[in-house]
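See below for the structure under consideration.
The values are calculated or read from the model by the stated rules, or taken from the named source; none is laboratory data. In this text, all values refer to a predicted model and were calculated from it rather than measured experimentally. Glycine gets a Cβ as well: all are built from the backbone with ideal geometry, and neighbour counts include every protein chain shown. For the accessible areas, the whole protein counts, side chains as well, though only heavy atoms, and no ligand, DNA or RNA atoms are used. Shrake-Rupley method; radii C 1.70, N 1.55, O 1.52, S 1.80 Å.
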Amino acid sequence: MRLIVDAHLDLAWNTTAFDRDLTLPLREMRAAESSMQDAPLRGRGTVTFPEMRRAGIGLCIATLLSRSGPDHRRSPRYRRTDLDHATRLACHAAAHGQLACYREWERQGDIKCIRTRNDLWAHWEQWTSGQPLEDLPIGMILSMEGADPILSSDTLSPWWDLGLRAIGPAHYGRSHFACGTSTAGPLTAEGRNLLHAMQQLGMALDVTHLSDDSMREAFDLFDGPVWASHHACRELVPGDRQLTDSQIITLAQRDAVIGVPFDAWMLSPDWKQSGGDRSRVGLQNAVHQVEHICQLTGSTGCLGIGSDLDGGFGTEQTPHDMDSIADLQRFAELLSEHGYADSDIDAICHGNWLRLLSNSLPQ
Ligand SMILES: [Zn+2]
């Protein structure tokens with residue numbers, strides 16, 4: 001089995017938003033949801049901790065995901081007044097709630113929070129030591145998907161102390177800091193201050209979900225480590241959620257890594273054209289994303305995995321030949337069938353992320 005680094009999972013959000021017990025075997029988590037109808041993903045999950053171990057995922061970047069920007073006010077009837085602060089505080093508190101999940105999982109021995117370069121390599125050594133993977137904690141580096149939980153850029157340092165090592169300033173819609181997917185426009189003044197504070201602390205910037213203008217500005221303003229945690233190619237799948245060729249080239253020039261996502265709609269335009277028919281999208285389409293980025297940048301050096309497989313969907317929205325996160329192993333086999341060398345497949349599955357994360361984390 002090939003070891004994998006998965007650069008994007010929303011694990012704690014699955015517990016706080018869907019009451020999921022990620023310590024269960026996948027079959028049991030699905031069975032527990034079999035009578036639930038509140039969301040299409042019920043009974044169709046693809047990610048639990050035992051399943052991640054089966055997938056060979058020794059390390060992931062795990063998010064805190066909570067939003068309060070102008071497009072995400074919980075009570076739209078509030079006019080823009082001081083009450084906005086209460087919405088921001090609720091969002092801040094929600095992220096702390098997710099943090100409590102990671103803390104508890106760490107206490108139980110399910111995961112290990114990775115904060116430093118030394119943590120990273122000590123952990124990876126454990127995963128490559130030949131011990132049975134089912135006994136090992138899964139390494140997690142904390143990132144924020146959308147920076148709204150941060151009340152102001154001068155309160156970033158406590159988040160660093162809590163283990164936060166990367167931030168994507170926006171998610172869908174506008175955050176307090178940047179324009180995200182489906183919106184257009186630059187960073188806000190708060191967003192520019194945030195990037196400055198991140199750089200001072202040594203936090204990495206995840207450009208995934210930034211609008212084109214916000215991403216361009218972020219590239220200009222931010223000198224620290226950069227990545228795109230879960231991002232496909234606009235040349236293959238139209239839409240502002242995907243990276244343009246020139247954004248991909250900029251990322252490669254900055255030694256970034258781009259995580260290939262496994263959300264069917266991002267992998268092929270056939271998903272939308274067929275009205276969400278998963279039989280039209282396969283793991284093959286993820287290989288096409290790899291091929292495009294290789295051709296554009298001349299190597300596999302900026303490629304990784306950022307599966308996003310627990311990002312609000314289940315098997316109704318995965319490639320047809322993917323039933324669980326463990327099928328990432330099948331993706332690795334497919335790369336081999338397409339003629340990729342073992343060393344390139346290892347680089348895509350874990351090597352490139354390990355290099356970048358090692359360079360990004362503090363000593
Ligand atoms: Zn996302």
Here the gain from full extension of Ser246 to Ser279, 0.36 nm per residue of separation minus their alpha-carbon distance, amounts to 8.8 nm
Magnitude of the Cβ-charge dipole (Lys and Arg +1, Asp and Glu -1) of region 237-326 about the Cα centre, nearest 20 debye, reported as 180
accessible surface per residue for the chain, probe 1.4 Å, DNA/RNA/ligands not counted, whole Å² -> 39
Charge dipole of region 217-315 built from unit charges on the beta carbon (Lys, Arg +1; Asp, Glu -1), centred at mean Cα; most positive-end Cα among Gly275, Ser307, Pro238 is Gly275
In whole Å, largest first, the alpha carbons of the chain cover along the principal axes 56, 48, 45
In deg cm²/dmol, rounded to the nearest 500, the helical mean residue ellipticity at 222 nm of the chain, built from -39500 (n - 2.57) for every DSSP H run of length 4 or more, is -11500 deg cm²/dmol
Simple spin-label estimate for Gln329/Thr23, 7 Å along Cα→Cβ, in nm, reads 2.5
Computed over all unlike Cα pairs, the Kirkwood hydrodynamic radius of region 88-216 in Å stands at 15.8
Taking only the alpha carbons of region 218-363, the radius of gyration and the largest Cα-Cα distance, Dmax, both in angstrom, are 14.9, 49
The answer for Ile305, listing residues at least 5 apart or on another chain whose modeled amide H is closer than 5 Å to its amide H, is Ala7, Val260
Rounded to whole Å, √(5λ) for the Cα gyration tensor eigenvalues of region 1-130, largest first, gives 31, 21, 11
Per residue convex hull volume, Cα only, region 77-159, in Å³ is 119
Note, Phe177: beta-carbon cut-off 14 Å, +1 each Lys/Arg, -1 each Asp/Glu, net -4
Spelling it out for Ala178: with amide H atoms placed in the peptide plane at 1.01 Å from N, the residues 5 or more places away or on another chain with amide H under 5 Å from its amide H are Thr188
If every Lys and Arg gets +1 and every Asp and Glu gets -1 at its Cβ, then about the Cα centre region 103-177 yields a dipole, in debye to the nearest 20, of 220
Place a point 7 Å from the Cα of Glu134 in the direction of its beta carbon; the residues of region 10-40 whose amide N falls under 19 Å from it are 22-31
Exposed trypsin sites (Lys or Arg not before Pro) being those in a DSSP loop with at most 12 other Cβ atoms within 10 Å, the longest stretch of the chain free of them is 81-363
Answer in debye to the nearest 20: the dipole magnitude of the chain about its Cα centre, from +1 Lys/Arg and -1 Asp/Glu charges placed on Cβ, is 800
Taking protein heavy atoms only, a 1.4 Å probe, and rounding to whole percent, the accessible area of the chain owed to carbon and sulfur comes out at 47
